[in-house]
Amino acid sequence: MGTLKRFAAAALVVVTATACGSDNTDEVAGPDLTSAPEATWSPMAGIAVPRAEQCPEKTEPVEHGYARTPQCAVIAAITGQTLLATTGDAEWPRMANTILAPGPGKDQWIQARALVSVEGRVRNPATFAGFRFTDYSDDRAQVLLAVEWPDGTLTAQPTQLAWQTGDWKLVLPTQQTAVDAAEIDNLDDFTEFRPNS
């Protein structure tokens, strides 16, 4: 991650800063966790999902290949949740191996998915409405996705991601650790991010 520095050059920087009496206390800015991605929205099995530059870069066998930024992590979370809910019976094994991080949550999801059939478009779909990060680093992220349902109800669902093999992968909870979506009153604590926003 960092660049190599020679000891003498580093020492010179320290001496110069001391000699100049610098009071500069500026810190390197962290990642921007509140700006919405600049994205266009298009339907996936009836659900509107966002797409942006490098988010994703690949579409086969399913959308994947996201840049290592908070904004692309948001898009990966939204697209991943949509793929989990809508990918058909013939395609879901390749989807799971492409977008899911290995672990017991993935294993349990695969076992459960094999017992149901999913085909076709979603009628009266919910709409993704906003997001809020509760954790973010170069290697992991947890983002609350706000969803607006057809009856106007708002809910928030945590989605965890890990940076693995050059991509944001969804980390599924186990059945024992899964958290249900919680109803919320408004989007005051969220960055609004929805179709035509």
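All of the numbers you see were taken from the coordinates with simple rules; none came from a lab. Owing to the predicted nature of the structure, the values given are computational and were not obtained by experimental measurement. Cβ atoms come from the backbone with ideal geometry, glycine included; neighbour counts cover every protein chain shown.
Placing a pseudo-label 7 Å from each Cα along the Cα-to-Cβ vector at Ser137 and Leu115 gives an inter-label distance of 3.5 nm. In summary, the convex hull built on the alpha carbon positions of the stretch 37-115 has an orientation-averaged projected area of 5.2 nm². For Thr177, neighbours were defined as the other residues whose beta-carbon sits under 14 Å from its Cβ, and their charges (Lys and Arg +1, Asp and Glu -1) total -1. The simple spin-label model puts a point 7 Å past each Cα toward its Cβ; for Gln54 and Ala29 those points are separated by 1.6 nm.
Nearest 0.05, what FRET efficiency do Glu38 and Asp188 give at R0 = 25 Å with Cβ-Cβ as r? Show your work: numbers first, answer last.
Working: r = 23 Å, r/R0 = 0.91.
Approximately 0.65, to the nearest 0.05.
The list [x] 20.4; [y] 12.9; [z] 14.9 gives values of mean projected area of the Cα convex hull in nm², and only one came from this structure; which label was calculated from it? The calculated read-out lines up with [z]. Normalised by the number of residues in the stretch 39-192, the average gap of Cα pairs under 8 Å and 6 or more apart makes the relative contact order 23 percent.
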